[in-house]
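Peer 1: Please see the structure below; I have some questions.
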Amino acid sequence: MTDYTAPLRDMAFMLEEIAGLEAISTLPGYGEATPDVVAQILAEGGRFAGEVLAPLNRVGDVQGSRLENGQVRTPDGFREAYARFVESGWNGVPFDPAYGGQGLPWAVTAALQEMWSAANMSFGLCPLLTQAAVELLQIHGTEEQRRVYLPPLVAGSWAGTMNLTEPQAGSDVGALRARAVREGDHYRITGQKIFITYGEQDLTENIIHMVLARTPDAPPGVKGISLFLVPKFLVKADGSLGARNDLRCVSLEHKLGIKASPTAVMAYGDNEGAIGYLVGAENRGIELMFAMMNNARLSVGIEGLGIAERAYQQARAYAHTRVQGRAATGRDPEPVSIIRHPDVRRMLMTMRASIEAMRALIYDTAGTLDRARRHPDPAERTRAQARLDLLIPVAKAWCTDRGCDVASLGLQVHGGLGFIEETGAAQHYRDARIAPIYEGTNGIQANDLVGRKLMRDGGAAANAFIADLRETGTALGAAPGAVPGDDMAAIRQRLADGTEALARATDWLIKTYPDDPARALAGATPYLDLFGTVAGGWLLAKGALAAQRRLAEVPADDRGFYETKRLIARFYAENILPRSHGLAAMAIEGADSVLTLAEDRF
């Protein structure tokens, strides 16, 4: 497995030109997030990821986490690495300084999370879930809950989890059976939860579980679910730890990938019942849990980006050093590095262009989150929130699907050696495969995009998004040198085609869903793929415009970086954006063949 080097300049370019870092730094509370300060933070993060986390990635895959006498042991080096992670303050980057955080923008946090996921996805899952618990308590916790639990969670000395899934329910959260019976100022929790990431571990002194359960008189379905804070160790009034709560890890799952991340089966209430504290109001658990899940869904999209970047770096290094076969042109009989073979170049270009589109989408979404939270104009916050709600399912699903595609191409570049575990390429592929499944499968994300996000405002947010795509197309046409055969002209034409495909599918879904939701949802997944594909092309086109502008400002020896940005955008436009026509056809015309076959004929 090759080393990991954070692509700092690519990250900075996307933060500045796509996320809008300069404008974000003018939002209330973000004044210190200037490009030079952020560059220093990312450089330090890159060093930590490359020097501390990346060397443990293979170790974690080989050893895995293990359960010994009820205690989970993480792989060699993980405890020490986590201690350094906390000591360096990385856990608290986006959080309120009042609780010990650094108060930096989510766009900056997204770049750091990309590093953690690329260097060691299994490790990065622990702070990811803690981050979600912090978000939940900041928004919905009581003043006392925030006072007691937020400082150690923000610091990372305590960790957080999400407890949704039960064996009989799966993704149908409304079918859960965990019980919560009130007892004075707390509740007694009983039940079993599965697939609990870092449900038990040896990295932190306490674990704060966020658990969905039903009270005895709750209505059926999702309307009867409440959310409870259930600590591994009970917490005294002064914040010190008390007795062990009535909960335990029953077992750890044996998984395809992310083997260092302990995925626990958790039992609550083997004896008197685990003590839990209500978060928010009874029967509002689903609403509150979404405060965690939306945050986590963006972070899972970042995992797809991170693992893709790691797979690309390894494939690129292999293609430069692997000598095999003659060049396709010329008569030299000597073998050449495989990067000179056209099909290998096609694969590497596909990997890189996909990664840059993913990075642009993730950073743009994170920047939108910052504007939705901090913009001083309420109308702008409302617009940003509508855009954010639209983008979250796309960022999660499209980026994790592309992460799998890129990791698969990484194996293909390696040839037979990619299938051999010792090269490390296979681990990237195995690790990537979970991301389209958890935090809501990608099919659920597609249903959310079509059934909720498009329908709740009659397509207003989607049409505003499409209007922005058309505006960028106009700017491409006015760019210097945008003549037939030029990069900018080629990008403009393909983006225009993709934009019209997205608009056509969006209109059809908005008209079809109210009367025939099954027919609309049959095309939801290709529609989400279409949305992400076109959004990626749009954002790369914006990057190409920025690169074109900067070419006139930089010395000759620095032009290569910006010329590459323009060429990557053109490759994406000519080799990936044309898929939009087929995806639109699938979304609009594919329902009959999806729905017609009788169930007993499958």
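Peer 1: Could you list, in sequence order, the residues of the stretch 159-178 that are under 16 Å from V230 (Cβ atoms) and in contact (Cβ under 8 Å) with a residue 60 or more places away in the chain?
Peer 2: M162, N163, L164, A178
Peer 1: Return a yes/no flag: does the stretch 442-463 have any residue that is without any contact (Cβ under 8 Å) to a residue 40 or more places away in the chain and either under 29 Å from E574 (Cα atoms) or buried (at least 20 other Cβ atoms within 10 Å of the Cβ) (or both).
Peer 2: no
Peer 1: Can you go through V406, V450 and tell me which one is aliphatic (A, V, I, L, M), under 30 Å from G325 (Cα atoms) and at pLDDT 95 or above?
Peer 2: V406
Peer 1: Quick one: A54 ticks every box in (1) surrounded by fewer than 16 Cβ atoms within 10 Å (Cβ to Cβ); (2) within 30 Å of A260 (Cα to Cα) except a single one, so which number is it?
Peer 2: The single condition A54 does not satisfy is (1).
Peer 1: Here's a follow-up. What pairs come up if the first residue lies in the stretch 12-37 and is farther than 24 Å from A357 by Cα, the second is of a type in the set (K, R), and their beta carbons are under 8 Å apart, counting only those six or more places apart or on different chains?
Peer 2: L27/R371; L27/R374; P28/R374; G29/R374; Y30/R374
Yes/no matrix, rows are residues, columns are (1) within 19 Å of Y562 (Cα to Cα); (2) modelled with pLDDT under 95; (3) of a type in the set (K, R); (4) assigned to a helix (DSSP H, G or I):
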position	(1), (2), (3), (4)
P484	no, yes, no, no
A490	yes, yes, no, yes
A505	no, no, no, yes
P514	no, no, no, no
A518	no, no, no, yes
T525	no, no, no, yes
L528	no, no, no, yes
L540	yes, no, no, yes
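Matching residues to (1) surrounded by fewer than 16 Cβ atoms within 10 Å (Cβ to Cβ); (2) over 21 Å from I568 (Cα atoms); (3) out of contact with any His (no Cβ under 6 Å at 6 or more places or on another chain); (4) among the polar types (S, T, N, Q):
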position: R322; (1), (2), (3), (4): no, yes, yes, no
position: R346; (1), (2), (3), (4): yes, no, yes, no
position: A360; (1), (2), (3), (4): no, no, yes, no
position: Y363; (1), (2), (3), (4): no, no, yes, no
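Peer 1: Does A98 meet the test of being in a helix (DSSP H, G or I), at pLDDT 95 or above and more than 24 Å from the chain's Cα centre (by Cα)?
Peer 2: Yes: the conditions hold for A98.
Peer 1: Can you go through V406, V413 and tell me which one is surrounded by 21 or more Cβ atoms within 10 Å (Cβ to Cβ), more than 19 Å from the chain's Cα centre (by Cα) and part of a helix (DSSP H, G or I)?
Peer 2: V413
Peer 1: Can you tell which of D529, D557, D515 is in the same structural domain as S593 (by TED's automatic domain parsing), of a type in the set (D, E, K, R) and in contact with a Phe, Trp or Tyr (Cβ under 8 Å, 6 or more places away or on another chain)?
Peer 2: D529
Peer 1: Given P152, P167, which one is farther than 28 Å from P216 by Cβ and either assigned to a helix (DSSP H, G or I) or not small (G, A, S) (or both)?
Peer 2: Result of the check over P152, P167: P152.
Peer 1: Can you work out which of the residues in the stretch 277-320 that are acidic (D, E) and surrounded by fewer than 24 Cβ atoms within 10 Å (Cβ to Cβ) is modelled with the lowest pLDDT?
Peer 2: Of everything passing the filter in the stretch 277-320, E287 is modelled with the lowest pLDDT.
Peer 1: Being buried (at least 17 other Cβ atoms within 10 Å of the Cβ), in a loop (DSSP other than H, G, I, E, B), within 24 Å of the chain's Cα centre (by Cα) and of a type outside the set (K, R) narrows it down to one of L227, L203, so name that one.
Peer 2: Going through L227, L203 in turn, the sole match is L203.
Peer 1: If you don't mind, another one. Scan the stretch 221-234 and report the pairs whose first residue is under 7 Å from N245 (Cβ atoms) and whose second residue is charged (D, E, K, R) and assigned to a strand (DSSP E or B), with Cβ atoms within less than 9 Å and a gap of 6+ or a chain change.
Peer 2: K232/R244; F233/R244; L234/R244
Peer 1: Answer yes if at least one residue in the stretch 255-267 is at pLDDT 95 or above, surrounded by fewer than 22 Cβ atoms within 10 Å (Cβ to Cβ) and small (G, A, S), and no otherwise.
Peer 2: yes
Peer 1: Further, regarding this structure: If you go through the stretch 1-28, how many residues are hydroxyl-bearing (S, T, Y) and buried (at least 22 other Cβ atoms within 10 Å of the Cβ)?
Peer 2: Going through the stretch 1-28 one residue at a time, the tally reaches 1.
Peer 1: Residue under question is R352, and the condition is that it be among the basic types (K, R), out of contact with any His (no Cβ under 9 Å at 6 or more places or on another chain), within 30 Å of L449 (Cα to Cα) and not assigned by TED's automatic domain parsing to the domain that holds D468; does it hold?
Peer 2: So R352 fits the description; yes.
Peer 1: May I ask you to list the residues in the stretch 327-352 that are part of a helix (DSSP H, G or I) and of a type in the set (S, T, Y)?
Peer 2: Across the stretch 327-352, the qualifying residue is only T350.
Peer 1: Could you check how many residues of the stretch 426-450 are under 12 Å from C404 (Cα atoms) and more than 19 Å from the chain's Cα centre (by Cα)?
Peer 2: Number satisfying all stated conditions: 1.
Peer 1: Which of the following residues is in contact with a Cys (Cβ under 9 Å, 6 or more places away or on another chain) and among the hydroxyl-bearing types (S, T, Y): Y438, Y429?
Peer 2: None of the other options fit; the residue is Y429.
Peer 1: Scanning for something under 22 Å from the mean Cα position of the chain (by Cα) and surrounded by fewer than 16 Cβ atoms within 10 Å (Cβ to Cβ), does the stretch 69-78 turn up at least one residue?
Peer 2: No, there is no match, as no residue in the stretch 69-78 is under 22 Å from the mean Cα position of the chain (by Cα) and surrounded by fewer than 16 Cβ atoms within 10 Å (Cβ to Cβ).
The values are calculated or read from the model by the stated rules, or taken from the named source; none is laboratory data. Quick caveat: nothing in here was measured; it's all calculated off a predicted structure. Heads up, the Cβs are rebuilt from the backbone with ideal geometry, glycines too, and the neighbour counts pull from every protein chain shown.
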